[in-house]
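Colleague: I am attaching a structure below and will ask some questions about it afterwards.
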Amino acid sequence: MIAEERIPEFSPLEDESLTEYYSRMAKKYMKFPIKRVLSRIRAQGIEQGVALDVGTGPGIFPLGIARSLPEMEFLAIDLSPAMIQTAQANARERGLEDRVHFQIGSAYALPLKDGAVDLVICLNTLHHLEDPIPFFNEAARVLKKGGKFVMMDLRRDAPKALAIFFNLLWRLIMREERARDGLWNSLKAALTVKECEGLLKRSKLPSWRIYPQAIEMWIESY
Ligand SMILES: C[S@@+](CC[C@H](N)C(=O)[O-])C[C@H]1O[C@@H](n2cnc3c(N)ncnc32)[C@H](O)[C@@H]1O
């Protein structure tokens, strides 16, 4: 356990230079995480349709996944205007702006009609949400009947030795002083697997499973 209670990290990232820095680092180091998410989406049997990414940050996940799923259209939202601006620039850089759309928006009020999407993804963002239940309910609302979801976030109940190891790696990679404590702060803000399970049970999201991993957990439809 990293911390007994959640220590909030609930505000969106607004600082433009830090946003640019995260974007650069993500472009460099996200190839493997993108492959992992892609394989989980494929395991859900989703290859086409409309996908929503919630808390997209610099947009590296939807942009990376879109390359491998050419029949999928993406809407990706984030509360931070600085992140959306960076994500839009990343989309233009890759020539994907017609298929991956970025928009300012909140996880608590998804800018979509009921049953509008085939897939919801939400990566490394749950720990920013003070109350994830309204978000889970929103995800349930915008998903088509039989729609799928793949979510992943850190877990505060990760084994401490593993958390320390990954934090050391993070600190080695992150040269920017202001980003150095990022992983540890996010771990402290994260849910435990049990807390997440309790919230999902009280939400409208149907047919979910949690897969705990080293310092993260995956929440997926089945
Ligand atoms: C750690 S970043 C993850 C970015 C991206 N998904 C990734 O894994 O690279 C979390 C993002 O969630 C956004 N965020 C925080 N609260 C939010 C909310 N209520 N609704 C939408 N986005 C939010 C932040 O601005 C930030 O860009």
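Each reported figure results from applying straightforward, stated rules to the coordinates on display, with no laboratory input. None of these values were measured; they are calculated from a predicted model. Cβ coordinates were reconstructed from backbone atoms using ideal geometry, including for glycine residues, and neighbour counts include every protein chain displayed.
Colleague: Please turn the phi angles of the stretch 145-161 into ³J(HN,Hα) values with the Karplus equation 6.51 cos²θ - 1.76 cosθ + 1.60 (θ = phi - 60°), one per residue in order, whole Hz, x for glycine and proline.
Modeller: Values per residue, Gly and Pro as x: 4, x, x, 10, 9, 9, 10, 8, 7, 5, 10, 5, 8, 4, x, 4, 4 Hz.
Colleague: Using a simple charge model, +1 on the beta-carbon of Lys and Arg, -1 on the beta-carbon of Asp and Glu, nothing else, what dipole does the stretch 1-122 show about its Cα centre, in debye to the nearest 20? Kindly include the intermediate steps, with their values, before the conclusion.
Modeller: Details: 14 positive and 17 negative charges, 134 e Å.
Charge dipole, the stretch 1-122, about its Cα centre: 640 debye, nearest 20.
Colleague: So the label point goes 7 Å from the Cα of Lys194 along Cα→C-beta, right? Which residues of the stretch 116-158 then have their backbone N under 13 Å from it?
Modeller: Answer for the stretch 116-158: 156-158.
Colleague: Just Phe166, Phe102, Phe61 to compare: in a GNM of the chain, with alpha carbon springs under 10 Å, which one fluctuates most?
Modeller: With Cα springs under 10 Å in the chain, the top fluctuation among Phe166, Phe102, Phe61 is at Phe166.
Colleague: Given the Cα-Cα distance of Lys204 and Glu130 and 0.36 nm per residue of separation, how much length would full extension add, in nm?
Modeller: Details: separation 74, 0.36 × 74 = 26.64 nm, distance 1.76 nm.
Length gained between Lys204 and Glu130: 24.9 nm.
Colleague: In whole Hz, with x marking every Gly and Pro, tabulate ³J(HN,Hα) for the stretch 22-32 from phi via Karplus 6.51 cos²θ - 1.76 cosθ + 1.60, θ = phi - 60°.
Modeller: Couplings: 4, 4, 4, 5, 5, 4, 6, 10, 9, 4, 5 Hz.
Colleague: Return the equivalent ellipsoid semi-axes of the chain as a descending list in whole Å, where each equals the square root of 5 times an eigenvalue of the C-alpha gyration tensor. Could the numbers behind the result be given before it?
Modeller: Numbers: eigenvalues 119, 97, 50 Å².
Equivalent-ellipsoid dimensions as semi-axes: 24, 22, 16 Å.
Colleague: Springs between alpha-carbon atoms under 10 Å, Gaussian network over the chain: tell me which of Pro132, Pro33, Pro81 tops the mean-square fluctuations.
Modeller: Of Pro132, Pro33, Pro81, the most mobile in the Gaussian network model is Pro33.
Colleague: Now, a different point. Translational diffusion coefficient, Stokes-Einstein: compute it for the stretch 124-219 using the Kirkwood radius over C-alpha pairs as Rh, at 20 °C and 1.002 mPa s, and state it as an integer in µm² s⁻¹. Could the numbers behind the result be given before it?
Modeller: Numbers: Rh = 14.3 Å.
Value of D from the Cα-based Kirkwood radius: 149 µm²/s.
Colleague: Which of Ser68, Ser186, Ser80 moves the most in a Gaussian network model of the chain with Cα springs under 10 Å?
Modeller: Ser68
Colleague: Now for a different question. What chymotrypsin sites (Phe, Trp or Tyr not before Pro) in the stretch 1-72 are in a loop by DSSP, with at most 13 other Cβ atoms within 10 Å of the Cβ? Intermediate values should be presented prior to the final figure.
Modeller: On the way: sites: Phe10, Tyr21, Tyr22, Tyr29; in loops: Phe10.
When the chymotrypsin sites (Phe, Trp or Tyr not before Pro) of the stretch 1-72 are filtered for loop state and at most 13 Cβ neighbours within 10 Å, Phe10 remain.
Colleague: Further question on the same structure: Treating the beta-carbon of each Lys and Arg as +1 and of each Asp and Glu as -1, no other charges, what is the dipole magnitude of the stretch 145-222 about its Cα centre, to the nearest 20 debye?
Modeller: Details: 15 positive and 9 negative charges, 49 e Å.
The calculated dipole for the stretch 145-222 is roughly 240 debye.
Colleague: Which ³J(HN,Hα) values in Hz, rounded to whole numbers, follow from the phi angles of the stretch 110-122 under the Karplus curve 6.51 cos²θ - 1.76 cosθ + 1.60, where θ = phi - 60° and Gly and Pro get x?
Modeller: 5, x, 8, 6, 4, x, 8, 10, 8, 8, 10, 10, 8
Colleague: Something else now. Arrange Leu172, Leu63 by Cβ neighbour counts within 10 Å, fewest through most, would you?
Modeller: Numbers: Leu172 9, Leu63 27.
With the sparsest Cβ surroundings first, the list reads Leu172, Leu63.
Colleague: Give me Leu18, Leu52, Leu123 ranked fewest to most by other Cβ atoms within 10 Å of their Cβ, as a rough exposure proxy. Show your work: numbers first, answer last.
Modeller: Details: Leu18 15, Leu52 27, Leu123 24.
Ascending Cβ contact count within 10 Å gives the list Leu18, Leu123, Leu52.
Colleague: Next up: Quick one: Asp153, Asp131, fewest Cβ neighbours within 10 Å first, how do they rank?
Modeller: On the way: Asp153 24, Asp131 10.
Least to most surrounded, the residues fall as Asp131, Asp153.
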